[in-house]
1. For Ser138, state whether it is over 28 Å from Asn55 (Cβ atoms) and either among the polar types (S, T, N, Q) or in contact with an Asp or Glu (Cβ under 8 Å, 6 or more places away or on another chain) (or both).
2. Of the residues that sit in the range 141-172 and are assigned to a loop (DSSP other than H, G, I, E, B) and crowded, with 19+ Cβ neighbours inside 10 Å, which one is modelled with the lowest pLDDT?
3. Given the conditions (1) modelled with pLDDT of 90 or more; (2) closer than 28 Å to Ile59 by Cα; (3) within 18 Å of the chain's Cα centre (by Cα), report the number of the one that Ser138 does not fulfil.
4. Anything in the range 152-167 that is out of contact with any His (no Cβ under 8 Å at 6 or more places or on another chain), touching a residue at least 60 places away in the same chain (Cβ under 8 Å) and of a type outside the set (Ser, Thr, Tyr)? List them, or say none.
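The values are calculated or read from the model by the stated rules, or taken from the named source; none is laboratory data. Just so we're clear, the structure is a prediction, and the values are computed from it rather than from any experiment. Every residue, glycine as well, gets a Cβ built from its backbone with ideal geometry; the counts of neighbours run over all protein chains shown.
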Amino acid sequence: MSDINNSDKTESSEQFNAVLMSFIHDIKNSLLMSLSSLETLYNSLDSVKPELKENISLIQYELQRINNSLVQLLSLYKMETHLFSIQADQYNIYDFLEDIIINNTLINEKNDFSINMECDDTIEWFFDKDLIATIINSTINNSTRYAHSQIKLSAKIIDEYLHICIEDDGEGFPKKMFVHPDTLETAINMKSGSTGLGLYFAEKIANIHHNGDKIGSTMIDNQSQLGGGRFKLLLP
């Protein structure tokens, strides 16, 4: 009887997990459609009610944050349930980062932000494009929340690692953020009002990028050239 009950529980858990994943995918699709519709609405307000554009901008920003969190949550779930596989290929880093800036131009223009890029246009690297883009987009999204007016996105090769940095001109990271994101007990702190999901996700995704005995990692500090916080993604 016990074995039967355990089997039923396992089957029920697997069914619930499948339903949960399906719901998350549906929510993500709805969010993307909403973001697209809002962008169209935003562009049409110039000649109608330009004073509403700031409200639309705020809604877009929050929807993008939700979408980034869902992508991170879904990826972490797949990693925990062994349904995850990395899809690495070779990409030109300059083109990759330029595409990210273009995708973030609308939100940052509406908030009077400027994003500058420093990167050699000859750098080629192997990585999972979608996962790394999620990390960078999420970090930029958070930076617009705390920075004053400038964000810098850069990439260069140091000691056989690709260093991708996102810097801002805000007040920098608070002391409570300087913990190793690989530890849930320290990276995710509900009492602080910040889950730390973004840093935890970034570290996990960086770690699954391998090259021989080299493993990817992340770092944060307050050594930004713009005077604020700096996020580093190191890929072997």
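1. No, not satisfied.
2. Per the criteria, the residue is Ala147.
3. Of (1) modelled with pLDDT of 90 or more; (2) closer than 28 Å to Ile59 by Cα; (3) within 18 Å of the chain's Cα centre (by Cα), only one is false for Ser138: (1).
4. If the condition is that a residue be out of contact with any His (no Cβ under 8 Å at 6 or more places or on another chain), touching a residue at least 60 places away in the same chain (Cβ under 8 Å) and of a type outside the set (Ser, Thr, Tyr), then Lys152, Glu160, Leu162, His163, Ile164, Cys165, Ile166, Glu167 are the ones that fit.
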